[in-house]
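This report refers to the structure that appears directly beneath it.
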Amino acid sequence: MRFLDRLLGRDPARRAAFIAAAAAVDRELAANIELASMFDQTHQVALFENGEFARHAAALRDAPEAFALMDSVYARIAETETAMARRGPANTIRPEDVALIEAWEGDVREAQRRLRAAATAPEPGIWALLIARLRGGRPAGR
């Protein structure tokens, strides 16, 4: 059976690494959402976590749609923190900064949903793997 798994591209160790990476980044994204929520309430600048994504980026590439959005979210962390720190008269936040922060928050939530969906998706069936292998690509479900 290991020969068939290798032939079709199934790797239980790789899948386990992806699931562990997804869990770590999911926790980090949840913490960042909590920090953003605290900012919404207190208007005190938050510094977001970003270590888990950098550490697990290679394993997370197994879910390309989720990875692309997470990459965008993590690339915009500095811009979002800067928008939180910028203040106008009477310590107000500019509407464009509020829009940027809220858009980032929404993208974090969507990235988290996509990551969870990819981590809980069932392994593709043997026929899907075989057809994908014959076509030279990856199965459609992942």
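Here the scattering of the stretch 56-124 is modelled by Debye summation over its C-alpha atoms, one equal scatterer each and no solvent; at q = 0.21 Å⁻¹ the log10 of I(q)/I(0) is -0.85. Residue by residue, the stretch 49-57 carries 3J(HN,Hα) couplings of 7, 8, x, 5, 5, 5, 5, 10, 4 Hz when phi is fed to the Karplus relation 6.51 cos²θ - 1.76 cosθ + 1.60 (θ = phi - 60°); x denotes Gly or Pro.
Here the label points at Gln41 and Ala99, each 7 Å from Cα along the C-beta direction, are separated by 2.8 nm in the simple model. With R₀ fixed at 25 Å, the C-beta to C-beta distance from Ala75 to Arg109 puts the FRET efficiency at about 0.90. Say the dipole of the stretch 2-135 comes from +1 at the beta carbon of Lys and Arg and -1 at that of Asp and Glu; which of Trp104, Phe18, Thr92 then lies farthest toward its positive end? Value computed over the given set: Phe18.
Each label was represented as a point 7 Å from its Cα along the Cα-to-Cβ direction; for Ala58 and Arg27 these points are 2.1 nm apart. Its residues counted as N, the stretch 2-135 yields a C-alpha radius of gyration over 2.2 N^0.38 Å of 1.32.
If the segment from Ala20 to Ala68 were pulled out straight at 0.36 nm per residue, it would be longer than the present Cα-Cα gap by 15.4 nm.
Just so you know, all these numbers are worked out from the coordinates, no wet-lab data involved. Since the structure is predicted, the reported quantities are computational estimates derived from the model, not experimental observations. In this analysis, Cβ positions are derived from the backbone assuming ideal geometry, glycine residues included, and neighbour counts consider all displayed protein chains.
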